[in-house]
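For reference, the structure I am asking about is given below.
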Amino acid sequence: TVAPEQEITGQYFRSRLDNQFDGGGDFDDRTIPVAEAWQVASRNRLAPFWVSRLSAGAGIDDSQTQTAFGNSPFKTTQRQYAWQNEITLPAGMLTAGAERREEHLATDAGFATTERNTNSLFGIYQLRVEAHALQANLRRDDSSQYGGQTTGAVAWGWRFAPEWRLAASYGTAFKAP
């Protein structure tokens, strides 16, 4: 915390495994994956009704398979950048933001595509009135490999007793392979 409601955070993770298994009479196969991830973020209250969060990070999977037939390197790197804003409105809460994901693959396996970027915009509106709750989501993803996709959802809930709630929702989704 650098000031009231002004925070900066950082995270780092690294894991390395040296996995050996019997590959035959003369050679023990090995798989040596190294997973690494980091993120830095800033969460700031910019006004009494507005909280903003900026983040940047990366995840790296660097694997090496060693067999009697040769080595197979495989390395993926994914970088993510995000800006999310939570705005308290007179009637409800609006969350809106933008994201960018950059994916890169380095391997000798001969994949046709080894890089793709996705730029996204999203918005979420939430409203609670007495026993009723309403949420509406909208998201636009533009992938350099798969083109643009727009998805969304709407949900309604009614708490008609302290232990019971009736809910209904409808949504669409898309996930790049």
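Can you sort I32, I124 by solvent-accessible area, 1.4 Å probe, largest first?
The residues order as I124, I32, largest area first.
Roll a 1.4 angstrom probe over the protein heavy atoms and tell me the percent of accessible area of the chain that is carbon or sulfur.
Of all accessible area on the chain, carbon and sulfur atoms account for 55 percent.
Given (i) 22.7, 73; (ii) 18.0, 61; (iii) 15.7, 56 as candidate values of Rg and Dmax of the Cα atoms in Å, which corresponds to the one derived from the coordinates?
Read-out taken from this structure: (i).
Follow-up. Express the accessible area of the chain per residue in Å², computed with a 1.4 Å probe while the remaining protein chains stay in the model.
That works out to 69 Å² for each residue.
Dipole of the chain (Lys/Arg Cβ +1, Asp/Glu Cβ -1, origin at the Cα centre): which of A37, I87, G70 lies farthest to the positive side?
I87
Residue farthest toward the positive end of the dipole of the chain, with Cβ of Lys/Arg at +1 and Asp/Glu at -1: which of Y125, I8, G147?
The listed residue farthest towards the positive side: Y125.
How much of Y146 can a 1.4 Å solvent probe reach, expressed as accessible area in Å² and rounded to 10?
Answer for Y146: close to 80 Å² accessible.
For the chain, what's the relative contact order in percent, using C-alpha pairs closer than 8 Å and at least 6 residues apart?
12 percent.
Of L46, L94, which has the most accessible area and how do the rest follow, probe 1.4 Å?
L46, L94
Just for the Cα atoms in segment 1-81, what are the lengths along the principal axes, largest first, rounded to whole Å?
Cα extents, longest axis first: 69, 18, 14 Å.
Calculate the dipole size of segment 31-123 relative to its Cα centre from +1 charges on Lys and Arg beta carbons and -1 charges on Asp and Glu beta carbons; express the result in debye to the nearest 20.
400
Determine the order of W158, W83 by accessible area, beginning with the largest, at a probe radius of 1.4 Å.
Final ranking, largest accessible area leading: W83, W158.
The values are calculated or read from the model by the stated rules, or taken from the named source; none is laboratory data. Values in this document were obtained by computation on a predicted structure and should not be read as measured data. Virtual Cβ from ideal backbone geometry, glycine too; neighbours counted across all protein chains shown. Remember, those area values only see protein heavy atoms, side chains included, never the ligands or the DNA or RNA. Shrake-Rupley method; radii C 1.70, N 1.55, O 1.52, S 1.80 Å.
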